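None of the figures in this text is laboratory data; all of them are computed from the coordinates on show. Just so it is clear, the structure is predicted and the values come from calculations on it, not from any experiment. All Cβ positions, even for glycine, are placed from backbone atoms using ideal geometry, and neighbour counts span all protein chains on display.
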Amino acid sequence: MRSTTQTAANSEQAIQQALKELGIRRDQASIKILDEGKKGFLGLGAKPAVVIVSVKDEEGVKSTSSLTSLISDPEPVPVEEAPVQEPVAEPTEPVQQEPQVEEPVSEEPTEKSAASNDKAIEESILYMKQVAGGMGIHDLDVTHEIEGKYVHFQLNSAKAAQLIGKRGQTLNALEQLVQLVANKHSGNFMIVKIDVENYREKRRVALEQLAERMAEKARRSGEKVEFEPMNAYERKIIHNALSTHVDIDTYSVGTDPHRHLVIEPIEA
């Protein structure tokens with residue numbers, strides 16, 4: 001008995017793949033679902049569905065397949081003669097036609113790239129709304145701007161704080177996931193940036209002010225001052241904010257997710 005094992009995002013997709021591979025209808029198949037699969041949350045913890053599909057009546061399928069082939073191709077002999085006609089077709093492709101093909105070829109990649117970028121943005125917005133819906137956020141509004149290879153998404157919601165999370169952790173995780181979604185559907189590499197009600201700019205200003213306060217503390221005490229763990233983007237903001245200060249040094253220590261920044265006063 002012929003059978004096949006298939007995996008997909010859900011059991012129905014896996015069944016359809018198996019039916020196509022075996023070349024049979026659903027009523028000709030014996031279906032066993034090993035695992036229904038799991039969607040996961042925020043793209044994490046997803047698990048594919050697994051099914052085994054077998055042919056119920058092999059002889060019946062063969063008969064049906066034979067009948068179908070006879071109906072669709074009642075005269076198999078001309079098919080065998082088709083290769084003989086190929087050399088005859090060669091003179092019908094004059095060299096003069098080649099320049100006419102060049103114009104659409106040069107335009108087609110641009111059109112495809114634009115279409116793939118539009119598809120990537122559309123899928124990214126859909127994904128963000130699905131994630132927000134899973135968090136109980138149903139009023140999410142998404143706008144975007146394209147700047148070269150960068151795509152800036154601006155999110156707005158009455159539950160903005162929930163989208164941001166503690167120190168932007170939820171927002172950073174969402175940005176990484178949408179980056180994967182966008183590049184899955186885009187023909188060109190895209191860098192995704194996501195902000196919620198201008199949180200990124202407000203956070204930058206707050207970090208720069210914190211950097212100045214901590215630098216002053218290091219000067220007064222003459223001792224090192226350590227920050228709490230931060231991601232690379234936020235550490236860079238503080239490094240840049242204090243880069244012109246000649247009486248202190250800044251550097252990062254530790255490994256992610258515990259890597260943090262240190263301010264050390266320089267002795268005169």
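On a full-extension model of 0.36 nm per residue, what is the gain between residue 201 and residue 244, subtracting their alpha-carbon distance, rounded to one decimal in nm?
Contour length minus Cα-Cα distance gives 13.4 nm.
Quick check: the distance between the Cα centres of region 148-195 and region 1-30, to the nearest angstrom?
With region 148-195 and region 1-30 each reduced to a Cα centre, they are spaced 36 Å.
For region 1-33, run through the trypsin sites (Lys or Arg not before Pro) and keep only the ones in DSSP coil with at most 16 other Cβ atoms within 10 Å of their Cβ.
Numbers: sites: 2, 20, 25, 26, 32; in loops: 2, 25.
Passing sites in region 1-33 are 2, 25.
Which ³J(HN,Hα) values, rounded to whole Hz and listed in residue order, are derived for region 177-189 from phi using the Karplus coefficients 6.51, -1.76 and 1.60 in 6.51 cos²θ - 1.76 cosθ + 1.60 with θ = phi - 60°, glycine and proline given as x?
Couplings: 5, 5, 4, 5, 4, 4, 6, 5, 9, 9, x, 10, 5 Hz.
Kindly state, to the nearest 0.05, the FRET efficiency for residue 116 paired with residue 31, given R0 = 30 Å and r defined as their beta-carbon distance. It would help to have the intermediate numbers written out before the result.
On the way: r = 36 Å, r/R0 = 1.19.
With a Förster radius of 30 Å, E is 0.25.
Quick one: if you stick a label point 7 Å off each Cα along the C-beta vector at residue 233 and residue 9, how many nm between them?
Calculated label separation equals 2.6 nm.
Whole-Hz Karplus ³J(HN,Hα) for region 196-207, in order, using 6.51 cos²θ - 1.76 cosθ + 1.60 and θ = phi - 60°, x for Gly and Pro?
Running phi through 6.51 cos²θ - 1.76 cosθ + 1.60 with θ = phi - 60° gives 10, 6, 6, 4, 4, 5, 5, 5, 4, 4, 4, 5 Hz.
Expressed in nm to one decimal, what extension gain is obtained for the pair residue 149 and residue 56 from 0.36 nm per residue of sequence separation less their Cα-Cα distance?
Computed gain between residue 149 and residue 56 is 28.2 nm.
Using 7 Å Cα-to-Cβ label points, what is the residue 260/residue 212 separation (nm, one decimal)?
Between residue 260 and residue 212, the simple spin-label model gives 2.4 nm.
Given the pairs 149/202; 129/193; 119/184; 193/236; 20/119, which are separated by over 18 angstrom at their Cα positions?
From the list (149/202; 129/193; 119/184; 193/236; 20/119), the Cα-Cα distance tops 18 Å for 149/202; 20/119.
Given points 7 Å out from each Cα along the Cα-Cβ axis, report the residue 138 to residue 252 separation in nanometres with one decimal.
For the pair residue 138/residue 252, the computed spacing is 4.1 nm.
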